[in-house]
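The values are calculated or read from the model by the stated rules, or taken from the named source; none is laboratory data. These figures come from a predicted structure and were not determined experimentally. A quick note on method: Cβ atoms are made from the backbone with ideal geometry, for glycine too, and the neighbour counts reach across all protein chains shown. Accessible surface areas use protein heavy atoms only, side chains included; no ligands, DNA or RNA. Shrake-Rupley method; radii C 1.70, N 1.55, O 1.52, S 1.80 Å.
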Amino acid sequence: MIALRLIPRFLGMVWRVQPVYAATILSFRVLLAFSPAVQLWIGKLIIDGVVANIGAATPDWTGIFRLVALELVVALASDVLQRTSNLLESLLGDLFGNRLSVRIMEHAATLDLENFEDPEFYDSLQRARQQTVGRIGLLALLLGIGQSGLSLITLLGVLVVFNGWLVLLLVFAVLPTFLGETHFAGLSYSLLYKWTPERRELDYLRYVATSDVTAKEVKLFGLADYFTRKYERLADEFYEANRALSIKRATTSGGLTAVSTLGYYAANVFIIVDTVRGILSLGDLTFLVGSFQRSRSLISGILLRSADVYQQSLFLRDLFTFFEMEPRTASPAHP
């Protein structure tokens, strides 16, 4: 949980890169959060309107098609906002990656020469370099959680009004998956962290065996087979370790997903029974089934993203650990 405390610091770094982009993305995400509930409610009104006008001598076509047009406008506006937000996020990601790479280079230049002879330092430097590409993905995860959270609040409010038991079934449908994903996110990070020296060695072997700088020596001393076999052995060992974890994760996730599916269909039974008894209209049936399905998807997405955020924050800790390194030999302000 200590790593999660670094997220506000990370968000501050992203904001300072381009505040206009960041503010625009945030505004668009808030607007998009209300789109699911609005579209589902308009769909309910359309169905109820159609049912009410079946067999009518003079159907209210104007009212029905106004609702259809309104739903179309909401759908088109949501698409424009989503595409614009994605574009700005991509541009912001490029800017952030560039600024972060520059900052890593500048900080590395301030460290002592002895650091560059230390394997542990290079492990830390490699993990920091990896953050320049992957960390902007953390921003997308956080924005997605915020947007999904706002959407979920509106949909849960509706479910509580119609039937409070649906919310409990919703929690039952998604909680097992979250617990499983969070557990394996920590294991995945631990595996990558543990294998940092070996992965650096793999990069070195691949470079030495194929670089024009070392080609003459490799041929002269017949080292090609040695480097290739050593690379192959290390790569196979990492594959086996990752394979065992992946199989265990897939097997456990399958069982937890089955539990979640049972909760989803139990909620559908409640809704169908109330509709057959006349408590709910066809529009209500469509709206509630859609809301429950969307809420389940949103909660599942939030929980899974939360597990990813936890994993990403562990890597984020590596980045800030590198920035916290201080030289022991400091240059005077005015040499």
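Rank 222, 137, 49 by mean-square fluctuation in a GNM of the chain with C-alpha springs under 10 angstrom and give only the top-ranked residue. Residue with maximal mean-square fluctuation among 222, 137, 49: 222.
The alpha-carbon of residue 248 sits under 27 angstrom from the alpha-carbons of these lysines, leaving out residues fewer than 8 places away in its chain: 194. Which one of 15, 138, 72 has its Cα pushed farthest toward the positive end of the charge dipole of the chain, where Lys and Arg give +1 and Asp and Glu give -1 at the Cβ? Farthest towards the positive pole: 72.
Residue 227 sits among other residues whose Cβ lies under 14 Å from its own Cβ, and their net charge, with Lys and Arg +1 and Asp and Glu -1, is 0. More than 16 Å apart: what percent of Cα pairs in the stretch 1-101 qualify? Of all Cα-Cα pairs in the stretch 1-101, 68 percent lie more than 16 Å apart.
In the chain, the DSSP-assigned H stretches of four residues or longer account for a calculated mean residue ellipticity at 222 nm of -30000 deg cm²/dmol, using -39500 (n - 2.57) per stretch and the full residue count as denominator. Angle of helix 35-53 to the longest C-alpha principal axis of the chain, folded into 0 to 90 degrees and rounded to 10: 20°. In the elastic network of the chain, a GNM with C-alpha springs shorter than 10 Å, the most mobile of 26, 192, 111 is 111.
The residue list 268, 304, 286 was ranked by how far each Cα lies along the charge dipole of the stretch 248-310 toward its positive end, using unit charges on Cβ atoms, and 304 comes out on top. Against the chain, whose longest principal axis is taken from its Cα atoms, helix 282-323 shows a tilt of about 20°. Helix 136-162 and the long axis of the chain differ in direction by around 20°, with both axes built from C-alpha atoms. Where the centroid of each part is defined by its Cα atoms, how far is the stretch 82-121 from the stretch 21-40 in Å? The two parts, judged by their Cα centres, are 29 Å apart. Around residue 91, what is the net charge, scoring Lys/Arg as +1 and Asp/Glu as -1 over all other residues with Cβ under 14 Å from its Cβ? With Lys, Arg at +1 and Asp, Glu at -1, the neighbours total 0. Once C-alpha pairs closer than 8 Å and six or more residues apart are averaged by separation and normalised to the residue number of the stretch 6-137, the relative contact order reads 31 percent. Calculated from the structure at hand, Rg and Dmax of the Cα atoms in Å is found among [x] 22.5, 69; [y] 21.0, 68; [z] 27.1, 95 as [z].
A Gaussian network model of the chain, with springs between Cα atoms under 10 Å, assigns the largest mean-square fluctuation among 275, 58, 252 to 58. To the nearest 10 Å², what's residue 118's accessible area with a 1.4 Å probe? Counting only protein heavy atoms, residue 118 exposes about 60 Å² to solvent. Temperature 4 °C, viscosity 1.567 mPa s: under these conditions the Stokes-Einstein estimate for the stretch 226-265, based on its Kirkwood radius over C-alpha pairs, is 105 µm² per second. Ranking 331, 259, 315 by Cα position along the charge dipole of the stretch 213-335, where only Lys, Arg, Asp and Glu carry charges on their C-beta atoms, puts 259 farthest toward the positive end. The 3J(HN,Hα) values that the Karplus relation (6.51, -1.76, 1.60; θ = phi - 60°) gives for the stretch 236-244 are, in residue order, 5, 5, 5, 4, 5, 5, 5, 4, 4 Hz. Gly and Pro appear as x.
Taking the Cα centre of the chain as reference, the dipole from Cβ charges on Lys and Arg (+1) and Asp and Glu (-1) amounts to some 460 debye.
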